[in-house]
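Okay, structure first, notes after.
The values are calculated or read from the model by the stated rules, or taken from the named source; none is laboratory data. Being a predicted model, the structure only gives us computed values, none of them experimental. For accessibility, only protein heavy atoms count, side chains too; no ligands or nucleic acids. Shrake-Rupley method; radii C 1.70, N 1.55, O 1.52, S 1.80 Å.
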Amino acid sequence: MTDLDQRIVSVLREHAEGETDTGRLLRRSRALGRRRQVRRRLTAGTALALVGVLGFVGVVRADVGGLAERMPWTAATPTAGVPVPPKADGVPGADQRPELVGTDPLVLHLGVDTSRARYLRWAVFGSNRTESIRYRVGGGKPVLVEVSPDARAVNELLLDGLPGAEGAIPVTFDGKVREFRVGAGGVIRAWQPVPGLYARASMLGGDRNALAEALRAIRWNEARRCDAPLRLGAVPQDAQVATCEVEAGAFPGGLTVLLTITRSPSATMEVRLVYGAQIARDVTRADRTVGGRPAYLYPDGHQLELLGIPKAHLTATFGWQWPEDPPKGQIDFTETEAANVLAGTRVAQDLTDPSTWR
């Protein structure tokens with residue numbers, strides 16, 4: 001058990017009413033830890049690539065909480081439409097079918113009023129049936145809203161952006177706004193928007209009035225596609241899409257999409273699209289062909305890139321990459337499976353134009 005595991009269990013035991021399922025919690029904390037590692041690698045990889053292109057010298061700090069909103073491209077990019085995940089036609093919103101929240105990793109069952117708010121990030125995690133949206137109203141602080149039909153899934157989540165991701169703050173779903181002093185501090189509210197649905201909103205560095213104003217922008221009666229602007233085709237046999245994450249805080253200068261494919265017991269393939277307005281033309285020499293298009297297998301043998309997408313990198317990362325041995329019965333994804341997934345992907349015509357994200 002790691003220090004983080006012990007800290008989470010200790011905090012929850014102090015505040016929980018009854019027994020805490022520590023085994024279940026630890027599995028989730030480790031899964032979350034891996035997701036955060038993936039996100040850090042994604043952010044750091046994008047930053048370092050751009051640093052190489054732009055000629056920046058110095059240390060790049062991969063701060064998951066907001067690096068994408070502080071990179072150089074944000075100060076000198078053309079004006080474009082705001083990033084908005086397209087509507088999922090025919091799919092009910094969370095207020096109508098709360099039990100559907102988190103069941104389809106490619107669909108969000110809530111949205112925000114885009115006349116008042118700007119999407120910064122959205123995600124769906126099928127493993128714990130959680131959906132989240134990070135957005136900003138006007139010039140205010142970003143707010144993160146997380147929802148699930150499972151109260152424990154929301155209550156066990158680590159607050160977004162805290163240094164070291166070490167603070168877990170159990171809350172009561174009574175609708176009250178509470179202040180917290182972990183990290184830089186902020187405010188948090190947990191409530192039930194409709195029976196059967198649990199929500200938590202947190203704003204780092206914000207106050208009660210700012211949080212209340214931000215929450216008025218939530219729309220519970222709509223559904224949107226999470227996987228824009230990247231769509232997968234067929235996934236490998238016995239596999240399924242498990243998570244979807246889109247980081248649009250630097251849009252239109254930067255954008256990242258991460259889709260995770262899993263196969264029991266714990267095989268993982270990560271399909272990642274990284275767009276940067278100032279990424280140079282791809283000059284990597286191809287050594288593979290995927291769907292009739294040039295591709296490149298990185299020297300580690302675990303990452304395959306589909307070449308030819310302007311100002312972007314589209315990769316599939318596969319195979320067991322953790323220091324411990326894989327679980328018994330593990331059948332890792334292969335290069336052939338990664339190639340087939342990349343061959344079936346569809347990237348939006350214009351990554352800076354949300355109207356093409358269909």
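To the nearest Å, what is the center-to-center distance of the stretch 275-330 and the stretch 189-252, using C-alpha atoms only?
With the stretch 275-330 and the stretch 189-252 each reduced to a Cα centre, they are spaced 27 Å.
If you roll a 1.4 angstrom probe over the protein chains with everything in place, what fraction of the accessible area of the stretch 212-266 belongs to carbon and sulfur, to the nearest %?
Carbon with sulfur: 43 percent of the solvent-accessible area.
Calculate, in nm to one decimal, what residue 350 and residue 286 gain on full extension: separation in residues at 0.36 nm each, minus their alpha carbon distance.
20.7 nm
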